[in-house]
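The values are calculated or read from the model by the stated rules, or taken from the named source; none is laboratory data. Everything numeric in this text was worked out from a predicted model, so none of it was measured. For neighbour counting, all protein chains shown are included, and Cβ atoms are generated from backbone atoms with ideal geometry for every residue, glycine included.
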Amino acid sequence: MTLNILFSAKAERWTDYEAPLRKELDAAGLDYTLACEMPADQVEYIIYAPNSDLSDFTIFPKLKAVLSLWAGVEGIVSNDTLTVPVARMVDQEGLTQGMVEWVTGHALRHHLGMDAHIVNPDRDWNCTPPKIAQDRPVTVLGLGALGMACAQSLAALGFPVTGWSRSAKEAGGLTCLSGKAGLEQALSGAEIVVLLLPNTPETENTLNAARLALLAKGAFIINPGRGPLIDDDALLDALGSGQIAHATLDVFRVEPLPQDHPFWAHPNVTVTPHIASFTRPDTAARVIAANIRRDVDGEPLLHLVDRRAGY
Ligand code: NDP
């Protein structure tokens, strides 16, 4: 039986995704029609980017599942018209690998104090040599697909890594904590903090003034998670006092970051334009085709969103 699969994302994404999706759907042995437009009453699966024009899912009476191209699903979970299962994007080869490289690179930049040598107009020869990794405690908030991979990669470089998540976990080489008390313990004395939590009501302002004060003096913040995870005013205060030496921020409460936002001009803030990692068509198409194949075979979809938890 032919499956009807609708691709719903910004128009330019169809050009990037059509060929990889056809290749992987063929390789998965599926008989399908794939299009970016089709009659609503025929649609069975939707490959979906939350910034597409589609928001009313009641018009699809045969819809079986939605496969998100994005890992962050805060734009989907509150959509009451979407009642079928939703799978998040989890793609180790593309999205996760990209995040590991970005986080590791920025952590090493701060750990090694690279900035002092990259821009050294006075040709200063008296720079402090860097510590080695084992002397620099790192905390990763969020131990999901992305956070766990980043934590393990940093631990493999020798950093003592503490991870924090909602549910208790065990992972070789990491100290894993959970719950409110676990958060305070995870942050106390940390010198680098990486945020890879989803944006939910519970995670808003995870790094507030009181928690920033728990970090080691002169700590570094790396946020590729979501803007609302940090209280921006508290961060600016902590940067002003030297409690935080530098913040590398990829995500913001408003994106693009407004031109007059103080983060742009701050000497101790690095702004990157939400590029820490992104979904790569070749590898993501494989993940999506494999998940549709599972559904057709009567197996549960992988990476399902928990609507009540919000991620
Ligand atoms: P996952 O859902 O796999 O992992 C989320 C992690 O956060 C889990 O460990 C989860 O705990 C933990 N968590 C959730 N809520 C809480 C809470 N209230 N308290 C403590 N821990 C909590 O997500 P991913 O790793 O795939 O992605 C993480 C985020 O990264 C995305 O939501 C998105 O916002 C962001 N992202 C950013 C990109 C960028 O380019 N900047 C690209 C892609 C994603 P538990 O394990 O117990 O469920």
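So how many residues does segment 261-300 have that are within 16 Å of the ligand (Cβ to nearest atom) and closer than 24 Å to A19 by Cβ?
11
Any chance segment 6-21 includes a residue that's at pLDDT 95 or above, out of contact with any Cys (no Cβ under 6 Å at 6 or more places or on another chain) and within 19 Å of T58 (Cβ to Cβ)?
yes
Return the pair list, or none, for Cβ contacts closer than 6 Å from residues in segment 224-243 that are within 30 Å of A71 (Cα to Cα) and acidic (D, E) to residues that are modelled with pLDDT of 95 or more and within 16 Å of the ligand (Cβ to nearest atom), at least 6 apart or on different chains.
From segment 224-243, the pairs are D231/N205; D231/N208.
Hey, among V66, V84, which residue is over 30 Å from G182 (Cα atoms) and not in a loop (DSSP other than H, G, I, E, B)?
That would be V66, the only listed residue that is over 30 Å from G182 (Cα atoms) and not in a loop (DSSP other than H, G, I, E, B).
Within segment 29-51, work out how many residues are more than 16 Å from the ligand (Cβ to nearest atom) and surrounded by fewer than 18 Cβ atoms within 10 Å (Cβ to Cβ).
12
Specify the residue that is farthest from the ligand (Cβ to nearest atom); the eligible residues are those in segment 81-94 that are within 10 Å of L146 (Cα to Cα) and surrounded by fewer than 20 Cβ atoms within 10 Å (Cβ to Cβ).
Selected residue: Q92.
Tally the residues that are of a type in the set (A, V, I, L, M), buried (at least 21 other Cβ atoms within 10 Å of the Cβ) and not in a helix (DSSP H, G or I), restricting the search to segment 125-173.
5
Quick one: is H303 touching a strand residue (DSSP E or B) at 6+ places or on another chain (Cβ under 7 Å) and not small (G, A, S)?
Details: touching a strand residue (DSSP E or B) at 6+ places or on another chain (Cβ under 7 Å): yes; not small (G, A, S): yes.
Taking the combined requirement at face value, the residue satisfies it.
List every residue pair whose Cβ atoms sit under 6 Å apart, with the two residues 6 or more apart in sequence or on different chains, where the first one lies in segment 95-118 and is at pLDDT 95 or above and more than 14 Å from the ligand (Cβ to nearest atom) and the second, anywhere, is charged (D, E, K, R) and outside any helix (DSSP H, G or I).
Pairs that qualify, where the first residue is at pLDDT 95 or above and more than 14 Å from the ligand (Cβ to nearest atom) and the partner is charged (D, E, K, R) and outside any helix (DSSP H, G or I), are H111/R136.
For residues that are out of contact with any strand residue (DSSP E or B) (no Cβ under 7 Å at 6 or more places or on another chain) and in a loop (DSSP other than H, G, I, E, B), scanning just segment 174-198, find the one that is farthest from the ligand (Cβ to nearest atom). Break it down stepwise before answering.
Kept after step one, since they are out of contact with any strand residue (DSSP E or B) (no Cβ under 7 Å at 6 or more places or on another chain), are these residues of segment 174-198: 179-181, 184, 188-189, 198.
If we keep only those that are in a loop (DSSP other than H, G, I, E, B) as well, we get 188-189, 198.
Working: S188: 16, G189: 19, P198: 3 Å.
Applying the filter and picking the extreme gives G189.
To keep it simple, each residue is scored yes or no on (1) of a type in the set (V, I, T); (2) under 24 Å from L95 (Cα atoms).
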position	(1), (2)
G218	no, no
P228	no, yes
T248	yes, yes
A265	no, no
T283	yes, yes
A290	no, yes
L301	no, yes
G310	no, yes
